Amino acid sequence: MNRLVRTRPIAYVVLAGALALAAAACGSSSSGGSSASSSPASTAASTPAAAASSQPSGGSTVDVTLKDFSITVTGGSKLAPGTYTFHVTNQGPSAHNLTVNGPGVSDQATPTFPPGTQDLTVKLEKGSYELFCSVPGHKQAGMDTHVTVS
């Protein structure tokens with residue numbers, strides 16, 4: 001019995017270490033997304049250049065938030081022409097996407113995804129762009145916004 005009492009604390013330490021390693025491995029996975037999808041069920045969003053941070057390979061980053069049932073583009077609805085990586089976060093309980101339509105861009109979108117994040121890189125020219133969720137009924141429920149590139 002004395003041997004059992006001594007090994008029990010060691011077993012707890014080993015178990016705690018294994019759980020910590022498993023948690024660290026799960027937390028290290030990337031939630032980044034696709035860079036482009038031609039499915040209309042996908043989505044992309046944009047924000048003004050003032051709120052965007054510079055990234056050499058993907059242009060400027062623009063944060064977009066999707067909720068049941070709204071789309072918020074950080075920094076506003078005006079952008080300069082250029083390449084943008086939209087960092088799209090779904091904060092709603094439902095699966096959403098963000099689709100971009102406008103000059104030179106037709107249904108470029110993120111995949112439809114549950115709460116989490118996806119990235120989409122799009123080159124925007126001068127003009128007006130519609131950003132919306134293409135999940136049936138979501139656009140009509142208010143997940144539709146516009147940005148102007150000038």
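Read-outs: derived from the displayed coordinates by stated rules, not from any lab. Everything numeric here is computed off the predicted structure, so don't read it as measured data. We place every Cβ from the backbone using ideal geometry, glycine too, and count neighbours over all the protein chains shown.
Things to note:
- Taking a straight Cα-Cα cut-off under 17 Å and skipping sequence neighbours fewer than 8 places away in the same chain, the lysines within cross-link reach of residue 139 are 67.
- Ordering of 85-94, 119-128 by packing is 85-94, 119-128, highest average first (other Cβ atoms within 10 Å, averaged per residue).
- Extension gain, residue 106 to residue 128: 0.36 nm times the residue separation minus the Cα-Cα distance gives 6.7 nm.
- Reciprocal mean inverse distance between Cα atoms of the stretch 49-149 - Kirkwood radius, Å: 13.3
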